[in-house]
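Peer 1: Quick one: structure below, then a few questions.
The values are calculated or read from the model by the stated rules, or taken from the named source; none is laboratory data. Predicted, not measured: the structure shown is a model, and the values here were computed from it. As a convention, Cβ positions derive from the backbone with ideal geometry for all residues, glycine included, and neighbour counts pool all protein chains shown.
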């Protein structure tokens, strides 16, 4: 599939997709959790089974839980992507991902979006596509842009008026950044790429002046 912005291994990308016509695709805690489970599961280069079989029948899932099981499996595999930050919103999502192997990012998004569409349509007795089309990706070109994009991602819920503080939104990686010791099974792996101290990052995110200056640039890139 042709992409305006090709995806190269070793590079970091801001990835986004949204629902058709602004349709609300996350309606409950269960919906948000299913999407995060799919992202975690399909981040594995070699998932051990179909997702539905894994989550319903794998003995380890019943014994130690879904997240613990996937983390355990991931320790035996070389990763194909690194998730650096994320935010799920009622009608769309943002991911910041480093691709480590060819097609790693494309495979993750294809399987995750297909899996969530099947889950959503089954649960809500709906037919037809859920997403507007192929995901959009924008190359991150330097460390400054990288940090500004993480802040843009984490401030989405406050910008939309869903919460007053970004840490009040449970469906993003912001808590993994500012209170990492309190997150038992983080989705992100930022070591060696984003090593800012938690207190410094929290201050950075709350620095609205700089954020407002960068916001228009980030929106233009992701919408082009």
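Peer 1: Looking at region 181-203 only, could you name the residues that are in a loop (DSSP other than H, G, I, E, B) and free of Cβ contacts under 8 Å to residues at least 12 places away in the same chain?
Peer 2: 183, 191, 192, 195, 197
Peer 1: Kindly provide the set of residues from region 134-144 that are in contact (Cβ under 8 Å) with a residue 40 or more places away in the chain and either within 16 Å of residue 86 (Cα to Cα) or exposed (fewer than 14 other Cβ atoms within 10 Å of the Cβ) (or both), ordered by number.
Peer 2: Going residue by residue through region 134-144, those that are in contact (Cβ under 8 Å) with a residue 40 or more places away in the chain are 134-140.
Within region 134-144, 135, 136, 137, 138, 139, 140 qualify.
Peer 1: Is at least one residue of region 3-14 in a helix (DSSP H, G or I), over 30 Å from residue 161 (Cα atoms) and touching a strand residue (DSSP E or B) at 6+ places or on another chain (Cβ under 7 Å)?
Peer 2: The first filter runs over region 3-14 and keeps only residues in a helix (DSSP H, G or I), leaving none.
No; the residues of region 3-14 include none that is in a helix (DSSP H, G or I), over 30 Å from residue 161 (Cα atoms) and touching a strand residue (DSSP E or B) at 6+ places or on another chain (Cβ under 7 Å).
Peer 1: Out of 32, 86, which single residue is out of contact with any helix residue (DSSP H, G or I) (no Cβ under 9 Å at 6 or more places or on another chain) and at pLDDT 90 or above?
Peer 2: One residue alone meets the criteria, 32.
Peer 1: Quick one: residue 127 ticks every box in (1) touching a helix residue (DSSP H, G or I) at 6+ places or on another chain (Cβ under 7 Å); (2) closer than 29 Å to residue 180 by Cβ except a single one, so which number is it?
Peer 2: All conditions are met except number (2).
Peer 1: Given the conditions (1) farther than 19 Å from residue 43 by Cβ; (2) without any contact (Cβ under 8 Å) to a residue 60 or more places away in the chain; (3) part of a loop (DSSP other than H, G, I, E, B), report the number of the one that residue 90 does not fulfil.
Peer 2: Answer for residue 90: the failing condition is (2).
Peer 1: Also: Hey, residue 32 hits all of (1) farther than 18 Å from residue 184 by Cα; (2) touching a strand residue (DSSP E or B) at 6+ places or on another chain (Cβ under 9 Å) but one; which does it fall short on?
Peer 2: Status for residue 32: all satisfied but (1).
Peer 1: Among (1) within 17 Å of residue 40 (Cα to Cα); (2) in a loop (DSSP other than H, G, I, E, B), there is one condition residue 134 misses while meeting the rest; what is its number?
Peer 2: (1)
Peer 1: Please verify whether region 150-159 includes one or more residues that are in contact (Cβ under 8 Å) with a residue 60 or more places away in the chain, in a loop (DSSP other than H, G, I, E, B) and within 26 Å of residue 45 (Cα to Cα).
Peer 2: Of the residues in region 150-159, the ones in contact (Cβ under 8 Å) with a residue 60 or more places away in the chain are 150-154, 156-157.
Filter once more, keeping what is in a loop (DSSP other than H, G, I, E, B): none.
Checking region 150-159: not a single residue is in contact (Cβ under 8 Å) with a residue 60 or more places away in the chain, in a loop (DSSP other than H, G, I, E, B) and within 26 Å of residue 45 (Cα to Cα).
Peer 1: For the subset of region 42-81 comprising residues that are farther than 15 Å from residue 186 by Cβ, touching a residue at least 40 places away in the same chain (Cβ under 8 Å) and not in a loop (DSSP other than H, G, I, E, B), which member is farthest from the chain's Cα centre (by Cα)?
Peer 2: Applying the filter and picking the extreme gives 51.
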